[in-house]
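Encoded as structure tokens, the structure appears first; notes follow it.
None of the figures in this text is laboratory data; all of them are computed from the coordinates on show. Only a predicted model underlies this, so the values are computations on that prediction, with no experimental measurement involved. Every residue, glycine among them, receives a Cβ derived from its backbone with ideal geometry; neighbour counts consider all protein chains shown.
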Amino acid sequence: MKIAISSLLQVLKFSFLMDTNTAKAIRSKGSKIEKLLAKSMWNKGLRYQKNVSNIFGKPDFVFKSKQIAIFCDSEFWHGYNYIIKGERFKTNPEFWEKKILRNIERDQEVTAKLNEAGWTVLRFWGKQIQKEVEACVNTIEEVYQRKKSK
């Protein structure tokens, strides 16, 4: 019995460490998709501020003078796979569905509040940035130019 409990504790410890390491690897800023979009915007001459904490929702990129907020939304955390693809969670579905639905709700709240304050909010999915970064940057540039001419 002592061996079985010891083995179980090792498995639980490994599982905890794996979850902890996985969670630590997830970045709230400086992700690959953010870096890709940042580099492309910079190459186009678009000068932005990153992760501005005093703007509601803490956008990934901001053009303060033009009131443009840009968010890079990863598919998993922001619900693309859940809502668009209809995927369901196999493990602990109650927890994950609640978490992802709250993230989606929060994204909608942030967008609405910024829009009410006169901001233009642009949201791009991670895969969209990876596959069509130039199209994303062109959209940003069009909005920037439109706001510049006002």
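If you check every pair at least six apart or on different chains, which have Cβ atoms under 8 Å apart with a residue in the stretch 42-71 that is under 22 Å from ILE104 (Cβ atoms) first and a residue that is among the charged types (D, E, K, R) and part of a loop (DSSP other than H, G, I, E, B) second? Filtered contacts from the stretch 42-71: ASN51/LYS29; ASN51/LYS58; ASN51/ASP60; ASP60/LYS29; ILE70/ASP60; PHE71/ASP60. Those residues that are of a type outside the set (A, V, I, L, M) and over 17 Å from the mean Cα position of the chain (by Cα), I need them from the stretch 99-119; list them, please. Answer for the stretch 99-119, where residues must be of a type outside the set (A, V, I, L, M) and over 17 Å from the mean Cα position of the chain (by Cα): LYS113, ASN115, GLU116, GLY118, TRP119.
Residues are listed down the side, and each one gets a yes or a no for (1) closer than 18 Å to ARG146 by Cβ; (2) in a helix (DSSP H, G or I):
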site: ILE70; (1), (2): yes, no
site: PHE76; (1), (2): no, yes
site: ARG106; (1), (2): no, yes
site: LEU114; (1), (2): yes, yes
site: VAL121; (1), (2): yes, no
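Just one of the listed residues (GLU105, GLU109, GLU116, GLU132) is charged (D, E, K, R) and either farther than 18 Å from ASP73 by Cα or touching a Ser or Thr at 6+ places or on another chain (Cβ under 7 Å) (or both), namely GLU116. With the condition kept exactly as written, say whether any residue in the stretch 66-75 is surrounded by 13 or more Cβ atoms within 10 Å (Cβ to Cβ), more than 19 Å from the chain's Cα centre (by Cα) and not hydrophobic (A, V, I, L, M, F, W, C). Yes, the conditions are met somewhere in the stretch 66-75.
Which condition number in (1) among the polar types (S, T, N, Q); (2) surrounded by 13 or more Cβ atoms within 10 Å (Cβ to Cβ); (3) under 24 Å from GLU142 (Cβ atoms) is the one that ASN103 fails? Unmet condition: (3). Residue-level analysis places THR91 among those that are farther than 20 Å from GLN145 by Cβ and not in a helix (DSSP H, G or I). Quick check on my filter: what residues within the stretch 44-77 are small (Gly, Ala, Ser) and either more than 13 Å from LEU114 (Cβ to Cβ) or in contact with an Asp or Glu (Cβ under 6 Å, 6 or more places away or on another chain) (or both)? Passing the criteria: GLY45, SER53, SER65, SER74. Inspection of the stretch 89-110 finds no residue satisfying the criterion of being in contact with a strand residue (DSSP E or B) (Cβ under 7 Å, 6 or more places away or on another chain) and polar (S, T, N, Q). Close Cβ contacts (under 8 Å, 6 or more residues apart or on different chains) running from residues in the stretch 125-150 that are in contact (Cβ under 8 Å) with a residue 24 or more places away in the chain and surrounded by fewer than 17 Cβ atoms within 10 Å (Cβ to Cβ) to residues that are part of a helix (DSSP H, G or I) and aliphatic (A, V, I, L, M) comprise GLN130/ILE33; GLN130/LEU36.
Conditions tested, residue by residue: (1) within 16 Å of SER40 (Cα to Cα); (2) in contact with a His (Cβ under 8 Å, 6 or more places away or on another chain); (3) among the hydroxyl-bearing types (Ser, Thr, Tyr).
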{"site": "ILE68", "(1), (2), (3)": "no, no, no"}
{"site": "GLY79", "(1), (2), (3)": "no, no, no"}
{"site": "GLU97", "(1), (2), (3)": "no, no, no"}
{"site": "LEU101", "(1), (2), (3)": "no, no, no"}
{"site": "ALA135", "(1), (2), (3)": "yes, no, no"}
{"site": "THR139", "(1), (2), (3)": "yes, no, yes"}
